[in-house]
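> What follows is a structure written as structure tokens; I'll ask about it next.
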Amino acid sequence: MLGAFLALCSAGTFALNNAFARRGVLTGTALQALAISVPIGVPMFVIGALILDGFEAFRAFDWTAWFYLALAGVLHFAWGRYCNYRAVKAIGSNLAGPLQESSVIISLVLAIALLGETMTGIKIAGILLVLFGPMLAVELGKKKRPDAKAKEPKPGFQPLYAEGYLFAGLSALGYGCSPILVRMAVEHAGVGASLAGGAVSYLAASVVVAVVIVVTGSSQSVASVRPENARWFAFAGVLVGVSQMLRYMALAVAPVTVVAPIQRLSLVFRILFGWIMNREHEVFSARLILGTLVSLVGAALLSLSVEAVASLPFMPAWMKAGAAWTWAWPDSR
């Protein structure tokens with residue numbers, strides 16, 4: 001229950017981060033956003049680890065834990081976040097989010113294959129709904145017509161679908177792999193140790209971002225960021241830092257097959273915050289809302305235990321049996 005709650009809070013703050021980042025990348029670049037938002041996470045995780053006595057974990061981490069945490073940071077905070085910001089800049093947060101939900105497939109498959117986690121009938125039902133909902137929204141973006149009755153983006157925003165969907169898919173690769181690496185490093189280590197692990201991940205990502213900026217000769221471009229954009233990126237950095245702290249804590253106390261799908265509820269929060277902050281720079285429609293609600297139902301199923309489903313009085317026996325069905329990777333037993 002704690003892990004599900006932390007994952008839900010992580011989803012909300014991640015969506016709010018995207019709303020702030022969306023405002024910044026309207027006139028700024030994804031690399032500028034990355035250069036500001038990633039380093040902010042280092043002191044946040046260090047302070048969190050200090051408060052929760054997580055520094056003892058640094059001595060307990062072996063070299064494999066350090067490697068997994070560093071790799072998770074590079075994949076999620078550097079690769080995944082850069083691609084996410086590129087996608088948000090191209091098509092907006094609402095349209096980028098649904099395709100990024102494919103990351104849950106990667107996370108769940110790897111969790112079963114590498115961590116020995118089991119799949120149940122109720123989880124399969126939830127996964128299908130979580131994946132089907134975003135498919136509706138992605139189809140919307142491709143078939144949108146100027147004369148459609150659904151609310152169109154304002155003239156200043158022209159979505160670049162090819163670029164946006166490409167980078168949304170690439171970000172899903174990083175977002176899908178990183179939870180497995182984190183779980184392998186901090187499983188059963190405790191919440192404090194998970195924040196120490198997050199500090200390692202953020203530090204590794206910050207180093208990689210700095211190297212990329214220097215190697216690509218982008219130092220001047222990053223330094224020339226407009227003050228207004230810098231503020232948006234800084235706010236986004238703080239919010240995503242909070243989101244990642246909650247995610248690392250959730251992964252320390254709950255399976256990936258629970259945490260990763262519930263975090264997909266960021267779709268709901270993206271639409272809410274996008275409407276409040278960026279309604280002139282996002283796409284909204286009835287089908288987008290419908291797809292989001294379908295995913296919401298799927299995530300709700302993923303948060304239920306088999307025992308909770310079996311205890312429902314109105315559930316027929318065959319449905320209870322289907323919900324209780326389990327499967328695990330053969331080599332994980």
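> Going by the conditions given, is Leu99 touching a Pro at 6+ places or on another chain (Cβ under 7 Å), modelled with pLDDT under 85 and surrounded by 19 or more Cβ atoms within 10 Å (Cβ to Cβ)?
yes
> Could you tell me whether Gly41 is in a helix (DSSP H, G or I), surrounded by 23 or more Cβ atoms within 10 Å (Cβ to Cβ) and touching a Gly at 6+ places or on another chain (Cβ under 6 Å)?
yes
> Okay, moving on. Could you count how many residues in the stretch 244-277 are of a type outside the set (A, V, I, L, M, F, W, C) and surrounded by fewer than 22 Cβ atoms within 10 Å (Cβ to Cβ)?
Residues meeting the conditions: 1.
> Quick one: Ala236 ticks every box in (1) within 26 Å of Val253 (Cβ to Cβ); (2) buried (at least 20 other Cβ atoms within 10 Å of the Cβ); (3) aliphatic (A, V, I, L, M) bar one, so which box is it?
For Ala236, the exception is condition (1).
> Follow-up question, since we're still on this one. What's the number of the only condition in (1) touching a helix residue (DSSP H, G or I) at 6+ places or on another chain (Cβ under 9 Å); (2) surrounded by fewer than 23 Cβ atoms within 10 Å (Cβ to Cβ) that Ala21 fails to meet?
(2)
> Going through Gly169, Gly192 one at a time, which residue ends up being of a type outside the set (A, V, I, L, M) and out of contact with any Cys (no Cβ under 9 Å at 6 or more places or on another chain)?
Of Gly169, Gly192, the one residue that is of a type outside the set (A, V, I, L, M) and out of contact with any Cys (no Cβ under 9 Å at 6 or more places or on another chain) is Gly192.
> Let me ask something additional. From the list Ile106, Ile124, Ile112, pick out the single residue that is modelled with pLDDT of 75 or more and either part of a loop (DSSP other than H, G, I, E, B) or surrounded by fewer than 18 Cβ atoms within 10 Å (Cβ to Cβ) (or both).
None of the others qualify; the one that does is Ile124.
> Further, regarding this structure: Which condition from (1) at pLDDT 80 or above; (2) closer than 24 Å to Cys177 by Cα; (3) of a type in the set (A, V, I, L, M, F, W, C) is the one that Ala234 breaks?
(2)
> Quick one: count up the residues across the stretch 57-110 that are in contact with a Gly (Cβ under 6 Å, 6 or more places away or on another chain) and under 24 Å from Leu203 (Cβ atoms).
7
Okay, residues lined up against (1) of a type in the set (Phe, Trp, Tyr); (2) at pLDDT below 90; (3) under 19 Å from the mean Cα position of the chain (by Cα):
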position	(1), (2), (3)
Val38	no, no, yes
Pro43	no, no, no
Leu52	no, yes, no
Ala57	no, yes, no
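> Glu117 versus (1) farther than 16 Å from Ala19 by Cβ; (2) charged (D, E, K, R); (3) surrounded by 24 or more Cβ atoms within 10 Å (Cβ to Cβ): which is the lone unmet condition?
Glu117 satisfies all of (1) farther than 16 Å from Ala19 by Cβ; (2) charged (D, E, K, R); (3) surrounded by 24 or more Cβ atoms within 10 Å (Cβ to Cβ) except (3).
> In this structure, is Val74 crowded, with 18+ Cβ neighbours inside 10 Å and modelled with pLDDT under 75?
It is false that Val74 is crowded, with 18+ Cβ neighbours inside 10 Å and modelled with pLDDT under 75.
> Another question about this same structure. The conditions are (1) modelled with pLDDT of 75 or more; (2) assigned to a helix (DSSP H, G or I); (3) surrounded by fewer than 21 Cβ atoms within 10 Å (Cβ to Cβ), and Val309 fails exactly one of them. Which is it?
(1)
> Related question: Which one of these does Leu50 not meet: (1) assigned to a helix (DSSP H, G or I); (2) under 25 Å from Val212 (Cα atoms)?
Answer for Leu50: the failing condition is (2).
The values are calculated or read from the model by the stated rules, or taken from the named source; none is laboratory data. Just so it is clear, the structure is predicted and the values come from calculations on it, not from any experiment. Cβ: placed from backbone, ideal geometry, glycine included. Neighbour counts: every protein chain shown.
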